[in-house]
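Please read the structure below before turning to the comments.
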Amino acid sequence: MAEYDRIEHDVLVIGAGGAGLRAAIEAANAGARVGLVCKSLLGKAHTVMAEGGAAAAMANVDDRDSWRVHFADTMRGGQYLNNWRMAELHAKEAPDRIRELEAWGALFDRTEDGRILQRNFGGHRYPRLAHVGDRTGLEMIRTLQDQAIHMAIDVHMEVTVVRLLMDGDRVAGALAYDREKGRFKLFASGAVVLATGGVGRAFSITSNSWEYTGDGHALAYDVGAELMDMEFVQFHPTGMVWPPSVKGILVTEGVRGEGGVLRNSQGKRFMFDDIPENYRNQTAESEEEGWRYTQGDKSARRPPELLTRDHVARCIQKEVREGRGSPHGGVYLDIAWIKERLPNAAEHIRKKLPSMYHQFKQLANIDITTTPMEVGPTTHYIMGGIRVDGDSQMSSVPGLFAAGECAAGLHGANRLGGNSLSDLLVFGRRAGEFAAKFAARGKGNPSAGDADEAVRLALAPFDRAGSAESPYAIQHELQQMMQKLVGIVRQESEMREALEKLRGLRARAKKVGVQGNREYNPGWHTALDLENLINVSEAIALAAIERKESRGGHFRDDYPEKDAQFAKFNLVVRKAADGSMHLERRPLAPMPSELQAIIEEQKA
Amino acid sequence: MTTTTFKIWRGSRGKGEFTDYKTDITEGMVVLDAMHQIQAESAGDLAVRWNCKAGKCGSCSAEINGQPRLMCMTRMDELPANEPVSVEPMRAFPHVRDLVTDVSWNFEVKKKIKPFKPRKPDAPDGTWRMAQEDIDRVQEFRKCIECFLCQDVCHVLRDHHKHDEFIGPRFFVHVAALEMHPLDTEDRLRDLKDDNALGYCNITKCCTKVCPEHITITDNAIIPLKERVVDEFYDPVVKLVRLFRGKKKA
């Protein structure tokens with residue numbers, strides 16, 4: 001029998017970004033004894049990098065806003081493939097979740113009359129994002145962290161879960177190792193909440209940190225949970241493109257919200273050339289009108305730079321491909337130009353976008369108050385994830401919950417900027433609440449056989465220390481391959497090639513060997529993450545082949561148009577009895593007429 | 001492209017030595033890129049803690065050529081060319097392995113600081129009103145990314161090892177953010193004086209110099225806290241008044 005410490009909790013939360021922390025707080029509030037596992041140190045999770053803000057229809061800046069408008073914006077942005085119940089709950093509950101953060105000490109930027117200030121963002125009809133300059137994610141995670149440490153929550157830092165443990169058909173715990181010493185831990189719990197974030201590390205150009213290896217997606221898939229909408233990966237339009245070592249680092253949409261514009265090498269604002277029909281009556285007709293919108297003129301419509309991310313990313317890609325890009329393969333994002341309109345523009349930019357100013361100054365030697373930035377698309381977010389019940393966030397496996405980026409549903413085919421931070425709060429809280437309820441009904445007994453096998457598999461790379469297969473090399477090849485073959489513009493032949501290559505990489509990953517011992521060994525950790533990356537990559541490619549149309553974050557060169565018959569279902573992936581990946585079309589649940597009516601009314 | 005030699009501290013639990021690695025440096029590379037390249041090329045088990053690689057999470061703190069810095073924000077072209085670059089772990093915390101230290105003490109310290117306690121809401125809907133100018137200074141403190149470089153460089157911790165008595169600059173910034181928060185009603189002044197040993201800080205401003213977020217730790221956080229403590233406990237007029245009233249402040 002393998003050696004491990006056994007730790008008991010009522011609710012085990014895996015992942016300590018915004019969703020995991022919010023779930024842990026709620027479960028602890030409900031009286032559950034909570035374990036919170038984080039792959040990094042507490043407070044370092046990817047939420048920390050969120051910049052622009054959290055979307056909530058508080059109507060502090062524009063009183064025409066309401067949950068109905070937010071709901072309709074979210075559905076439109078998601079091309080109506082969203083789980084409408086989640087979109088409804090999200091729009092209704094986000095304002096309370098933001099106010100609650102203020103009660104816990106968060107300090108959002110203020111309006112003139114002292115309330116929480118809200119800013120414009122792509123796809124949102126009215127200024128809706130509560131924010132703190134361009135470091136909103138840091139403010140959120142710190143507020144949640146500082147709240148959580150004074151509660152009955154045991155935090156397990158730098159611990160990585162390698163397998164979920166079952167008791168029959170319900171989840172009963174997880175097997176994990178600690179980074180520092182490489183010791184194994186068996187967590188036994190009545191419920192498990194997955195809040196592990198995304199899959200960005202499956203691509204070479206990404207704004208995501210090393211942690212984003214699809215752990216939650218893969219752990220859930222492994223125990224039979226369904227994954228949904230995996231073809232929908234969001235490529236954020238503006239990542240840094242130069243110098244090479246920072247390629248992919250995010251440049252917040254807030255730059256455009258504050259009046260930043262996109263230009264090609266000829267100095268043209270190309271976004272005016274391609275405005276989708278369903279956004280035409282919400283989009284500015286002239287540069288003048290767009291500028292007035294960013295400055296709070298309620299009679300003006302938003303500039304085309306603030307169209308949805310999928311669209312802006314493809315427009316940038318097109319400029320570059322057709323030879324109108326910047327020297328390093330991007331386009332120009334210019335905020336410096338506002339000096340023509342505003343006194344003290346440089347100071348204004350530094351105040352509104354401090355970390356962008358700092359990031360470009362330090363990493364690229366560029367002063368954004370005087371010089372345009374070079375930007376291009378970067379892998380940012382996955383709309384797809386674990387399929388959950390809209391109210392409780394429980395997956396198709398009893399006792400297994402998911403919230404935040406690793407769950408699917410809220411965002412449909414494309415996520416609006418700002419809807420992710422509010423997603424974390426709304427559904428993190430719900431997952432925590434329902435997980436505590438589920439756990440109160442009793443615990444299972446985690447399968448010892450599965451735990452032993454997980455330990456044996458985890459240690460196997462040490463037995464192959466002399467292997468020629470390096471985990472770093474396989475990870476690198478996978479990232480290059482996914483970027484090239486299943487990236488922002490897709491076609492069938494390339495994705496078939498990707499599936500073939502994934503089979504090869506999977507075989508090689510089984511032979512991977514690592515040097516050294518179990519103490520804080522990044523080679524070993526990289527080796528253990530490989531299977532997760534390969535599984536989520538396969539799910540993305542399979543679903544992307546099946547969706548023979550272009551919609552939201554999914555764009556097919558061989559099917560460049562939207563196709564109405566594909567608007568009727570989500571694609572769902574699960575593990576078949578023989579271990580292969582099974583894909584099916586799942587019809588959308590019919591939307592209640594009152595929600596349908598809101599969508600129609602907001603189209604006007 | 002140039003080839004640079006890195007002298008990297010390798011070892012476990014405080015025992016170790018500098019080991020030389022050579023790797024190629026291309027335009028725009030930061031020290032963390034070089035560490036990753038070395039991992040992939042020749043030292044697969046080189047322990048490095050990192051996360052966002054964008055200066056926002058504060059994980060990759062280390063001492064580069066003897067200076068406490070974030071590896072992800074230190075560009076190779078700002079270090080002296082044609083000279084070896086030394087990279088070693090933070091020295092104020094227990095060593096784990098290679099460049100990784102055990103910073104858990106910081107998380108324990110934070111738990112002991114009294115949490116935020118807001119006044120009653122200002123509006124019937126349970127919300128508050130605050131002016132932007134009243135929160136500007138607190139927002140400066142809340143920029144902290146908890147990289148703990150200020151703790152690393154503070155001589156009270158680094159040289160005198162007063163970890164049991166002294167909370168360090170990071171947590172003076174944390175307390176300042178709470179004390180100066182317009183809504184907070186808690187009183188942490190006695191804790192600052194007695195339990196947090198604020199008096200040990202002799203304002204050498206080393207912490208301010210290394211802060212990657214450019215928080216003016218000493219001038220804006222520590223000195224105002226010291227003034228508040230002095231006003232509360234050492235003001236002769238207040239002392240006299242208390243003497244006559246025969247009342248002690250809790």
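The values are calculated or read from the model by the stated rules, or taken from the named source; none is laboratory data. Predicted model, so just to flag it, every value in this text is computed and none were measured. A quick note on method: Cβ atoms are made from the backbone with ideal geometry, for glycine too, and the neighbour counts reach across all protein chains shown.
Sub-9 Å Cβ pairs linking a first residue in segment A:344-365 that is assigned by TED's automatic domain parsing to the domain that holds A:ASN120 to a second residue that is modelled with pLDDT under 95, at least 6 apart or interchain, number zero. The test for being crowded, with 20+ Cβ neighbours inside 10 Å and away from chain B (no Cβ under 14 Å) does not hold for A:GLN118.
Just give me the residues in segment B:34-63 being out of contact with any helix residue (DSSP H, G or I) (no Cβ under 6 Å at 6 or more places or on another chain), more than 9 Å from chain A (Cβ to nearest Cβ) and not charged (D, E, K, R), in sequence order. B:ALA34, B:MET35, B:GLN37, B:ILE38, B:SER42, listed by residue number. Candidates in segment B:99-117 are the residues that are among the charged types (D, E, K, R) and within 7 Å of chain A (Cβ to nearest Cβ); of these, the one that is nearest to B:PHE166 (Cα to Cα) is B:LYS110. Somewhere in segment A:432-440, is a residue under 15 Å from A:ASP229 (Cβ atoms) and aliphatic (A, V, I, L, M)? Looking through segment A:432-440, none of the residues is under 15 Å from A:ASP229 (Cβ atoms) and aliphatic (A, V, I, L, M).
The rows are residues; the columns are (1) crowded, with 21+ Cβ neighbours inside 10 Å; (2) within 26 Å of A:MET157 (Cβ to Cβ).
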{"site": "A:GLY449", "(1), (2)": "no, no"}
{"site": "A:ALA458", "(1), (2)": "yes, yes"}
{"site": "A:PHE462", "(1), (2)": "no, yes"}
{"site": "A:GLU497", "(1), (2)": "no, no"}
{"site": "A:LEU502", "(1), (2)": "yes, no"}
{"site": "A:VAL514", "(1), (2)": "yes, yes"}
{"site": "A:GLU549", "(1), (2)": "no, no"}
{"site": "A:HIS554", "(1), (2)": "yes, no"}
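Filtering segment B:112-160 down to residues that are surrounded by 20 or more Cβ atoms within 10 Å (Cβ to Cβ) and among the charged types (D, E, K, R), which residue is nearest to the chain's Cα centre (by Cα)? Within segment B:112-160, the match that is nearest to the chain's Cα centre (by Cα) is B:GLU146. Remark: pairs (first residue in segment A:406-433, farther than 19 Å from A:GLN234 by Cβ and in contact (Cβ under 8 Å) with a residue 24 or more places away in the chain; second residue among the polar types (S, T, N, Q) and surrounded by fewer than 24 Cβ atoms within 10 Å (Cβ to Cβ); Cβ separation under 8 Å; 6+ apart in sequence or on different chains) = A:ARG430/A:SER392; A:ALA431/A:SER392; A:GLY432/A:ASN29.
Does A:ASP96 meet the test of being outside any loop (DSSP other than H, G, I, E, B) and in the same structural domain as A:HIS411 (by TED's automatic domain parsing)? When the stated conditions are applied, A:ASP96 passes them.
Which ones in segment B:203-238 are of a type outside the set (A, V, I, L, M, F, W, C) and under 19 Å from B:ARG158 (Cβ atoms)? Once the filter is applied, which keeps residues that are of a type outside the set (A, V, I, L, M, F, W, C) and under 19 Å from B:ARG158 (Cβ atoms), segment B:203-238 yields B:THR204, B:LYS205, B:THR208, B:LYS209, B:PRO212, B:THR218.
To keep it simple, each residue is scored yes or no on (1) of a type in the set (S, T, N, Q); (2) at pLDDT 95 or above.
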residue: A:ILE534; (1), (2): no, yes
residue: A:SER537; (1), (2): yes, yes
residue: A:ALA544; (1), (2): no, yes
residue: A:SER550; (1), (2): yes, yes
residue: A:ASP557; (1), (2): no, no
residue: A:ASN570; (1), (2): yes, yes
residue: A:SER580; (1), (2): yes, yes
residue: A:LEU583; (1), (2): no, yes
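Just one of the listed residues (A:MET157, A:MET151) is within 11 Å of chain B (Cβ to nearest Cβ), in contact (Cβ under 8 Å) with a residue 40 or more places away in the chain and in contact with a Phe, Trp or Tyr (Cβ under 8 Å, 6 or more places away or on another chain), namely A:MET157. The set of residues in segment A:222-248 that are among the aromatic types (Phe, Trp, Tyr) and either within 12 Å of chain B (Cβ to nearest Cβ) or surrounded by fewer than 24 Cβ atoms within 10 Å (Cβ to Cβ) (or both) contains only A:TRP242. Identify the residue in segment B:1-33 that is facing another protein chain (nearest Cβ under 7 Å) and touching a helix residue (DSSP H, G or I) at 6+ places or on another chain (Cβ under 9 Å) and, among all such residues, is surrounded by the most Cβ atoms within 10 Å (Cβ to Cβ). Once the filter is applied, the top-ranked residue is B:VAL30.
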